[in-house]
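The values are calculated or read from the model by the stated rules, or taken from the named source; none is laboratory data. Just so it is clear, the structure is predicted and the values come from calculations on it, not from any experiment. Glycine gets a Cβ as well: all are built from the backbone with ideal geometry, and neighbour counts include every protein chain shown. Heavy atoms of the whole protein, side chains included, go into the accessibility calculation; ligands, DNA and RNA do not. Shrake-Rupley method; radii C 1.70, N 1.55, O 1.52, S 1.80 Å.
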Amino acid sequence: APVSLTGSHCDVIQFDFNADLNPVNIPLGAIVWSADLGTIDPSTGVWSYAPSLADVGASITVNVTVGNGTCDETYPVNLIFENEAPVLTCAPGGDVSVGVTTVQSVSATDDCDPFTFALDLGSSVNASGSSIDPNTGELSIFPDGDGPYSIVVIADDCNAQSTFTVAVNVIPGSLFQV
């Protein structure tokens with residue numbers, strides 16, 4: 001049966017073929033391991049591969065071969081690499097004043113990928129005067145009228161994204177700042 005390995009595309013994945021799949025317990029030194037992807041220590045059978053974002057979602061099969069001079073055996077290895085979406089951290093919103101720009105800081109973390117910020121204006125309510133810096137996450141809210149505002153912030157690493165909704169309440173005629 002093939003070996004199936006799952007991991008993050010950000011981490012080197014390893015598997016010890018000699019410890020787990022040496023078919024007849026041939027002594028170390030009497031066998032040689034080889035692999036058509038990644039690297040394998042030919043004497044110990046420890047295989048490793050450093051995936052990239054391009055590997056996420058791809059169907060990858062690696063053939064690992066062990067031989068002792070008289071026979072060879074090949075093991076297929078099915079690889080599955082995952083990508084984590086960025087995790088957003090946003091201020092909870094609050095009360096803002098009509099006609100006054102309020103700035104809030106939005107941050108995010110990701111497993112290893114660069115990411116950008118954006119606003120989902122189609123899902124936001126009354127957010128037409130709002131903007132976000134795609135690199136720093138500085139969110140500018142400019143309410144041009146009364147009512148509740150709901151601003152959907154996106155963090156996107158080009159392969160996965162997460163959203164957070166910032167809810168603000170506009171105080172008519174006030175000068176209140178968050």
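Screening region 123-146 for residues that are assigned to a strand (DSSP E or B) and open to solvent by less than 20 Å² (accessible area, probe 1.4 Å) and picking the one that is farthest from SER105 (Cα to Cα) gives ILE141. Within the option set ALA58, ALA30, being at pLDDT below 85 and under 25 Å from SER162 (Cα atoms) holds for one residue only, ALA58.
Flag set for VAL106, criterion: in contact (Cβ under 8 Å) with a residue 40 or more places away in the chain and more than 30 Å from SER59 (Cβ to Cβ).
Report whether or not ASP111 is exposed (fewer than 13 other Cβ atoms within 10 Å of the Cβ), of a type in the set (D, E, K, R) and modelled with pLDDT under 90. No: the conditions fail for ASP111. Condition check for SER105 on (1) under 24 Å from the mean Cα position of the chain (by Cα); (2) of a type outside the set (A, V, I, L, M, F, W, C); (3) outside any loop (DSSP other than H, G, I, E, B); (4) within 30 Å of ASP16 (Cα to Cα): one failure, at (4). Only residues that are surrounded by 13 or more Cβ atoms within 10 Å (Cβ to Cβ) and either part of a helix (DSSP H, G or I) or hydrophobic (A, V, I, L, M, F, W, C) (or both) were counted across region 44-91, and they come to 18.
Put simply, of PHE142, PHE81 the only residue that is touching a His at 6+ places or on another chain (Cβ under 8 Å) and either among the aromatic types (Phe, Trp, Tyr) or under 20 Å from HIS9 (Cβ atoms) (or both) is PHE81.
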